[in-house]
Amino acid sequence: MDQYADDLTELIETLDLKDLVMIGHSTGGGEVTHYLGRHGTKRVAKVALVGAVPPLMLKTAANPGGLPRDAFDGIRKGVFDNRAQFYKDLAMPFYGYNRPGAKLSEGIRDSFWLQGMMGGIKGQYDCIREFSEVDYTEDLKKIDKPTLIVHGDDDQIVPIGASAMMSSKLVRGATLKVYKGAPHGLAQTHQDQLNADLLAFIKG
């Protein structure tokens, strides 16, 4: 995650970007958070974390609400053994398609699978540690810009209790929006609601 944050700051400084609105989903929320903690907020105006992994996904003595290591070892096994099938299967809980009455979009599922297969297996395997074991607590405490935290209360990938509920307490003055029944992939399943909330936040 240090490399992610450093790559991001190199891009931002090379382009001399200022007054940024940084929006990070899932692991991308970890990248945004670690960038801010590692490189500061001087070029940033606002921050939005959507279904984001901070502060820590792994269950530890200090983080009893996290997920057990076995859950992440299962992801490692799926990526290593047969990632083509893994990404097809992962789309179901990712978008809440495994819930009773859910309407499956084969187009979204196919798009999700394609994005997964476009990535390199080494990077995807290594990324599992980054989104599960990195503790972003101190990074969150350093955020001093208006922050919107959006999360679905039926997120089966990044459970809300160990993520958004805690992050919203660590970031000073953060605004928390909980989408009832929304899954991890809420940018697709709740796109109109999310776009409206992000636009209002940016303009506000």
Subject >> Residue selected from segment 144-157 under the condition surrounded by 23 or more Cβ atoms within 10 Å (Cβ to Cβ) and either β-branched (Val, Ile, Thr) or in contact with a Cys (Cβ under 6 Å, 6 or more places away or on another chain) (or both), by the criterion nearest to Ile202 (Cα to Cα) >> reply: Thr147
Original post:
Regarding Asp192, is this residue farther than 19 Å from Ile143 by Cβ and assigned to a helix (DSSP H, G or I)?
Top reply: yes
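Does Asp126 satisfy the condition of being within 25 Å of Thr175 (Cβ to Cβ), within 19 Å of the chain's Cα centre (by Cα) and among the charged types (D, E, K, R)?
no
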Subject >> Subset of segment 141-166 [over 10 Å from Pro183 (Cα atoms) and more than 12 Å from the chain's Cα centre (by Cα)] >> reply: Lys141, Lys142, Ile143, Asp144, Lys145, Pro146, Thr147, Leu148, Gly161, Ala162, Met165, Met166
Subject >> Extreme residue, nearest to Thr41 (Cα to Cα), among residues of segment 159-171 that are aliphatic (A, V, I, L, M) and touching a helix residue (DSSP H, G or I) at 6+ places or on another chain (Cβ under 8 Å) >> reply: Val171
Subject >> segment 105-118 residues that are surrounded by 13 or more Cβ atoms within 10 Å (Cβ to Cβ), paired with ones that are assigned to a loop (DSSP other than H, G, I, E, B) and modelled with pLDDT of 95 or more (beta carbon under 7 Å, 6 or more apart) >> reply: Ile108/Tyr95
Original post:
Do you know which residues across segment 189-204 are within 15 Å of Ile23 (Cβ to Cβ) and out of contact with any strand residue (DSSP E or B) (no Cβ under 8 Å at 6 or more places or on another chain)?
Top reply: Gln191, Asn195, Ala196, Leu199, Ala200, Lys203, Gly204
Original post:
What are the residues in segment 41-89 that are part of a loop (DSSP other than H, G, I, E, B), β-branched (Val, Ile, Thr) and surrounded by fewer than 21 Cβ atoms within 10 Å (Cβ to Cβ), if any?
Top reply: Thr41, Thr60
Original post:
Can you name every residue in segment 182-196 that is surrounded by 14 or more Cβ atoms within 10 Å (Cβ to Cβ) and either of a type in the set (D, E, K, R) or touching a residue at least 60 places away in the same chain (Cβ under 8 Å) (or both)?
Top reply: Ala182, Pro183, His184, Gly185, Leu186, Ala187, Gln188, Thr189, Leu194
Subject >> Top-ranked residue of segment 1-36 - restricted to ones that are over 12 Å from the mean Cα position of the chain (by Cα) and hydroxyl-bearing (Ser, Thr, Tyr), ranked as surrounded by the most Cβ atoms within 10 Å (Cβ to Cβ) >> reply: Tyr35
Original post:
When only residues in segment 158-177 that are in contact with a strand residue (DSSP E or B) (Cβ under 6 Å, 6 or more places away or on another chain), within 25 Å of Phe72 (Cα to Cα) and in contact (Cβ under 8 Å) with a residue 24 or more places away in the chain count, which is surrounded by the fewest Cβ atoms within 10 Å (Cβ to Cβ)?
Top reply: Ser167
Subject >> Selection from segment 157-189 of residues that are within 23 Å of Leu58 (Cα to Cα) and part of a helix (DSSP H, G or I) >> reply: Ile160, Gly161, Ala162, Ala164, Met165, Met166, Ser167, Ser168, Lys169, Leu170, Leu186
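The values are calculated or read from the model by the stated rules, or taken from the named source; none is laboratory data. Quick caveat: nothing in here was measured; it's all calculated off a predicted structure. For neighbour counting, all protein chains shown are included, and Cβ atoms are generated from backbone atoms with ideal geometry for every residue, glycine included.
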